[in-house]
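Since the structure comes first, as structure tokens, the remarks are kept for the end.
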Amino acid sequence: MYKFVAIVLSSVLIAYVLARPAHEHFSLDASTSSTTTPATIIKQIDITNPDGSFNSSYETSNGILVENIGYMKKILVPQQVDEDGHVIDEHEETILVQRGFFRYMDPEGKEVELRYTADENGFQPQGDHLPKAPQ
């Protein structure tokens, strides 16, 4: 259950970060203020199916591309012991699985792409820009 909650919260956080509007940055010194050009959505797909699965994507005029698919999956939760020492029998749970990616150009003009899977194993990002674990 905790993994499902973590997956849902991760998904909401990603959606919030990707959906928030671009704001102009203001400096306290009016002579050094900078502005950004707003991007427009040039392509958008949102499909939600009765079984809970979905497919959504959008592309913006400044080159951002986001794709996300999700579907419901039944998993078997093994027998566990709760905090009070009570045994929780093995049971099935339905979880939301999401896979997707987003791509954009960083301020130096380099393409950044992050691919991810969020399932019973948690949020699993992949990208060349992510730090590598020590060998």
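The values are calculated or read from the model by the stated rules, or taken from the named source; none is laboratory data. Worth saying up front: this structure is predicted, and the values here are computed from it rather than measured. Cβ sites come from the backbone with ideal geometry, for glycine too, and all protein chains shown count toward neighbours. The area values use the complete protein model at the heavy-atom level, side chains included, leaving out ligands, DNA and RNA. Shrake-Rupley method; radii C 1.70, N 1.55, O 1.52, S 1.80 Å.
Starting from residues that are assigned to a loop (DSSP other than H, G, I, E, B) and touching a strand residue (DSSP E or B) at 6+ places or on another chain (Cβ under 8 Å), keep the ones in the range 41-61 and report whichever is nearest to Q98 (Cα to Cα). Here the residue is S53.
Within the range 58-99, the set of residues being free of Cβ contacts under 8 Å to residues at least 12 places away in the same chain and surrounded by 10 or more Cβ atoms within 10 Å (Cβ to Cβ) comprises Q80, I88.
Of all residues in the range 76-135, those being of a type in the set (K, R) and not in a strand (DSSP E or B) number 2. Are any of the residues in the range 74-96 charged (D, E, K, R) and under 15 Å from the mean Cα position of the chain (by Cα)? The answer is no, given that none of the residues of the range 74-96 is charged (D, E, K, R) and under 15 Å from the mean Cα position of the chain (by Cα).
Of all the criteria given as (1) open to solvent by less than 40 Å² (accessible area, probe 1.4 Å); (2) farther than 17 Å from I14 by Cβ, the one not satisfied by G122 is (2).
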